[in-house]
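The values are calculated or read from the model by the stated rules, or taken from the named source; none is laboratory data. Fair warning: this is a prediction, and the values are worked out from it, not measured in the lab. With ideal geometry, Cβ positions are generated from the backbone for all residues, glycine too; neighbour counts draw on all protein chains shown. To get the accessible areas, we keep the full protein, side chains included, count just its heavy atoms, and leave off ligands, DNA and RNA. Shrake-Rupley method; radii C 1.70, N 1.55, O 1.52, S 1.80 Å.
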Amino acid sequence: MKDRLIEFETAKLAKEKGFDIPTIKAYKDYGKCSIKSVPVFPMEMLNYNNINTNYWNISAPTQSLLQRWLREKHNIHIPVNWVYKKSYDTDVDWYYNVKGIGLISNNLIDLDETKFNTYEDALEKGLQEALKLIK
């Protein structure tokens, strides 16, 4: 079992919203640079410094670390639910979704109709939506 890193787009949003916990992995962001052959990728860092201060690097925390930062620093909870629904034709549908209250101004994070195959996929979307609540 291994913690999953947040995706690149989530990492960019976290950096924009002030994520400041040191990580040992990062994404290289070449932005609109003409170097097309170099992909955005996680890379090992040589030290534990917060690399979000570097223009090219974006911290790549695990989903659980970012979730904890949102909860402790911004009082935002991301509820990932395991859903069981039985349809009229007796098919059983199991999936994950995200629905609940982001505690900043009681904003609702509601992805109830969006079905995710894994907890981690649902959490990733929940992290993105929670980051958008931060002004």
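Could you state how much accessible area residue 5 has, in square angstrom rounded to the nearest 10, with a 1.4 Å probe and all protein chains kept in place?
Rounded to the nearest 10, that gives 50 Å².
Between residue 71 and residue 132, what is the label-point separation in nm under the 7 Å Cα-to-beta-carbon projection?
Taking the simple label geometry, residue 132 and residue 71 are separated by 2.3 nm.
Work out how much length residue 9 to residue 84 would gain on full extension: take 0.36 nm times their residue separation and subtract the Cα-Cα distance, in nm to one decimal.
24.0 nm
As an exercise, use a Förster radius of 25 Å and the Cβ-Cβ distance of residue 64 and residue 115 to find the FRET efficiency, rounded to the nearest 0.05.
So, using R0 = 25 Å, E works out to roughly 0.65.
Need one value: the accessible area of residue 83 in square angstrom, 1.4 angstrom probe, rounded to the nearest 10.
Taking all protein chains as shown, residue 83 has close to 20 Å².
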